[in-house]
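Okay, so here's the structure we're looking at.
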Amino acid sequence: MLIIYIAGFIVCMGLALCLTPLVKKFALAIGATDVPNARKVHTRIMPRLGGLGIFLAFVLGLLAISPFVPYEFSTRDINFIKALLSGGGLIVLLGGLDDKFELSAKVKLLGQIAAACIVVFGFDITVDFVNIPFNNTYSSLESWIAIPLTIFWIVGVTNAVNLIDGLDGLAAGVSGIAIATIATMAFLMGNVMVAMLCLLLLGSIVGFLFFNFHPAKIFMGDAGSLFLGFCLAMLALLGFKQIAVVSFITPLLIIGVPLSDTFFAIVRRKLQKKPIFAPDKGHLHHCLRELGFSHRQTVLIIYGIAGFFGILAVIQSSSALYEANWVTFVVICVMLFFLQIGAEVIGLVGQTKKPLLSFLSRVFMKVSAEKGSKS
């Protein structure tokens with residue numbers, strides 16, 4: 001299987017390297033381009049639709065490598081692959097249309113819900129258990145909870161990746177790190193199907209990054225960011241459905257960067273009384289650029305943050321084997337504390353909205369005053 005994994009990665013990377021230039025020509029021919037404006041950092045018209053290259057490389061690589069896999073997939077595995085390809089295909093079509101015609105947020109949301117419904121109702125794939133923290137037990141979910149929860153998860157993660165797609169190579173690289181994290185966990189847990197899908201997708205992303213890292217020659221567009229978000233939603237949660245050692249928090253850690261950026265974006269827009277889907281320049285990458293970091297430095301910093309979340313996810317999933325959930329809980333609390341501090345320092349919520357820093361400042365001043373009065 002290791003040889004198959006490596007071969008699949010190389011095949012998909014090679015396909016992405018060959019297909020992306022063709023997709024670039026196609027995007028320019030049909031006018032699927034990104035025009036600079038006040039929100040964007042690029043200064044010239046760029047072809048979009050690069051996600052189509054990732055999708056085609058992944059699908060063709062899967063078809064090429066499947067006959068050589070010395071493993072008989074279960075019915076559930078086959079359904080999962082069909083759901084991933086069917087829902088993913090609809091997502092790429094939706095994103096491609098947006099790259100060309102700039103669809104409204106409502107139309108894109110309806111399309112994402114439709115893709116999630118294909119997964120749930122077309123292939124009967126839902127989140128049908130919940131992990132009870134600190135108790136190593138799992139409780140089944142009723143369908144009236146499992147179905148909307150699955151749809152909400154898929155749509156939420158799909159949009160989270162789309163929101164961080166603001167710099168060359170950012171969304172592709174962060175998604176690649178998350179996919180590599182899932183692949184590592186799948187190897188450790190012996191999940192052949194998920195490991196194979198992850199490496200095929202990772203190879204497609206790496207091949208595309210040759211054209212997308214700064215300075216980019218093509219953008220992935222919504223066709224790419226929505227597709228990668230959809231794949232992450234599927235692989236991060238549903239792919240581990242039968243693995244009892246995965247804790248309830250692990251999938252959230254895997255997508256920690258897009259999830260936290262989306263959370264702070266929602267809070268920021270609510271405080272500013274703006275619509276949730278209204279675009280702005282307050283995302284993590286915008287804030288880091290405002291602090292003076294270069295384009296590449298900003299992307300590499302966020303890669304590092306994504307890698308940190310990935311390491312925590314692997315530790316979290318492994319700790320369940322040793323019933324170390326309380327230790328993990330402390331680690332998560334510390335992580336959330338520093339995440340909030342970091343968000344306030346760089347201004348993710350806003351330059352004036354810094355409740356935790358203000359609180360700590362008041363505490364420090366009070367302690368200093370008490371020490372001064374005693375002396």
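The table for this structure:
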read-out: Total residues in segment 62-93, condition under 22 Å from residue 154 (Cα atoms) and open to solvent by 20 Å² or more (accessible area, probe 1.4 Å); value: 11
read-out: Matching residues in segment 1-33 - criterion: being among the small types (Gly, Ala, Ser), more than 16 Å from residue 224 (Cα to Cα) and part of a helix (DSSP H, G or I); value: 7, 8, 14, 29
read-out: Which listed residue is at pLDDT below 85, open to solvent by less than 70 Å² (accessible area, probe 1.4 Å) and aromatic (Phe, Trp, Tyr), from 227, 240; value: 240
read-out: Unique match (being modelled with pLDDT under 95 and either open to solvent by less than 50 Å² (accessible area, probe 1.4 Å) or over 17 Å from residue 92 (Cβ atoms) (or both)) among 41, 23, 59; value: 41
read-out: Tally of residues being more than 22 Å from the chain's Cα centre (by Cα) and of a type in the set (Lys, Arg) across segment 91-108; value: 1
read-out: Which numbered condition residue 36 fails, given (1) within 19 Å of residue 163 (Cα to Cα); (2) assigned to a helix (DSSP H, G or I); (3) not β-branched (Val, Ile, Thr); value: (2)
read-out: Subset of segment 284-314 that is assigned to a loop (DSSP other than H, G, I, E, B) and within 19 Å of residue 213 (Cα to Cα) - its residue that is least open to solvent (accessible area, probe 1.4 Å); value: 294
read-out: Lone unmet requirement of (1) under 26 Å from the mean Cα position of the chain (by Cα); (2) modelled with pLDDT of 75 or more; (3) outside any helix (DSSP H, G or I) for residue 350; value: (2)
read-out: Filtered residue count, segment 47-90, keeping only those that are over 23 Å from the mean Cα position of the chain (by Cα) and either assigned to a strand (DSSP E or B) or of a type in the set (A, V, I, L, M) (or both); value: 5
read-out: Which numbered condition residue 216 misses (of (1) out of contact with any strand residue (DSSP E or B) (no Cβ under 6 Å at 6 or more places or on another chain); (2) open to solvent by 10 Å² or more (accessible area, probe 1.4 Å); (3) outside any helix (DSSP H, G or I); (4) modelled with pLDDT of 85 or more); value: (2)
read-out: Sole residue being of a type in the set (A, V, I, L, M), within 19 Å of residue 13 (Cα to Cα) and either buried (at least 24 other Cβ atoms within 10 Å of the Cβ) or without any contact (Cβ under 8 Å) to a residue 12 or more places away in the chain (or both), chosen from 209, 199; value: 199
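The values are calculated or read from the model by the stated rules, or taken from the named source; none is laboratory data. Keep in mind the model is a prediction, meaning the values are calculated, not measured. Methodologically, a virtual Cβ is constructed for each residue, glycine included, from the backbone with ideal geometry; neighbour enumeration extends over all protein chains shown. Each accessible area value is taken on the protein alone, full model and side chains, heavy atoms only, with ligands, DNA and RNA left out. Shrake-Rupley method; radii C 1.70, N 1.55, O 1.52, S 1.80 Å.
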